[in-house]
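**Student:** Mind looking over this structure? Questions follow.
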Amino acid sequence: MITCGIEIKGSEVILCLLSKQDGLFQIADCRKVRHTLQGPNDAESLRKFQFMLKKLFEDYKVSRVVIRERPTKGKFAGGAVGFKIEAAIQLIPELTVELMNNASMKEIIKQNPLPITFAATGLKGFQESAFMVAYAALSEA
């Protein structure tokens with residue numbers, strides 16, 4: 001069972017595929033970890049973006065997606081395009097999609113510290129938030 005952690009930044013999704021078996025975490029390779037929604041005001045572009053993500057989730061047998069929740073108000077509020085992307089992911093059939101806020105994520109990681117440093121994972125620096133949300137989701141289960 002593979003979990004995909006997602007961070008949405010503007011019109012881009014950043015992915016990290018992670019699984020846990022017998023207490024061991026496994027980072028799965030992914031053909032492309034950054035995907036940008038082109039033409040966010042065009043329904044056809046949104047459908048193509050959703051289809052591309054659906055295909056990726058099918059190819060890697062992702063059964064659960066955890067999106068790092070963004071505030072709706074304030075200094076760090078998410079934008080309209082980000083919420084469109086979030087909705088497109090949530091509407092993919094046969095996929096469990098959850099949102100995880102920063103407070104929950106930090107509390108879970110505090111109770112279940114990373115066994116290695118993020119730098120030792122071999123992931124790119126921009127994937128850290130996506131990795132952390134996937135790690136927290138798998139640690140709480």
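The values are calculated or read from the model by the stated rules, or taken from the named source; none is laboratory data. These numbers were taken from a predicted model, which means no experiment stands behind them. No Cβ is skipped: glycine too gets one built from the backbone with ideal geometry, and neighbour counts run over all protein chains shown.
**Student:** If V133 satisfies all but one of (1) at pLDDT 95 or above; (2) surrounded by fewer than 16 Cβ atoms within 10 Å (Cβ to Cβ); (3) within 17 Å of the chain's Cα centre (by Cα), what's the number of the condition it fails?
**Tutor:** Every listed condition holds for V133 apart from (2).
**Student:** Follow-up. Pairs, please: C-beta under 9 Å, at least 6 apart or cross-chain, first residue on the phi > 0 side of the Ramachandran plot and in region 3-20, second surrounded by fewer than 23 Cβ atoms within 10 Å (Cβ to Cβ) and assigned to a strand (DSSP E or B)?
**Tutor:** Matching pairs, first to second residue: G10/T36.
**Student:** Can you say whether E94 is farther than 13 Å from G5 by Cα, at pLDDT 95 or above, loosely packed, with under 14 Cβ neighbours inside 10 Å and among the acidic types (D, E), as far as the supplied structure shows? Even if it seems obvious, please write down each step before you answer.
**Tutor:** On the way: farther than 13 Å from G5 by Cα: yes; at pLDDT 95 or above: no; loosely packed, with under 14 Cβ neighbours inside 10 Å: yes; among the acidic types (D, E): yes.
Answer is no for this residue.
**Student:** Would you mind finding the one in K84, K54 that is at pLDDT 95 or above and surrounded by 14 or more Cβ atoms within 10 Å (Cβ to Cβ)?
**Tutor:** Only one candidate qualifies: K54.
**Student:** Just one of the numbered conditions (1) crowded, with 16+ Cβ neighbours inside 10 Å; (2) more than 17 Å from F131 (Cα to Cα); (3) at pLDDT below 95; (4) of a type outside the set (F, W, Y) is not true of C30; which one?
**Tutor:** Against the list (1) crowded, with 16+ Cβ neighbours inside 10 Å; (2) more than 17 Å from F131 (Cα to Cα); (3) at pLDDT below 95; (4) of a type outside the set (F, W, Y), C30 comes up short only on (2).
**Student:** Additional query: Return yes when G79 is touching a residue at least 24 places away in the same chain (Cβ under 8 Å), at positive phi and not hydrophobic (A, V, I, L, M, F, W, C) and no when it is not.
**Tutor:** On the way: touching a residue at least 24 places away in the same chain (Cβ under 8 Å): yes; at positive phi: no; not hydrophobic (A, V, I, L, M, F, W, C): yes.
When the stated conditions are applied, G79 does not pass them.
**Student:** Moving on. Restricting to region 12-29, what's the tally of residues that are among the charged types (D, E, K, R) and closer than 18 Å to R68 by Cβ?
**Tutor:** Residues in region 12-29 being among the charged types (D, E, K, R) and closer than 18 Å to R68 by Cβ: 1 in total.
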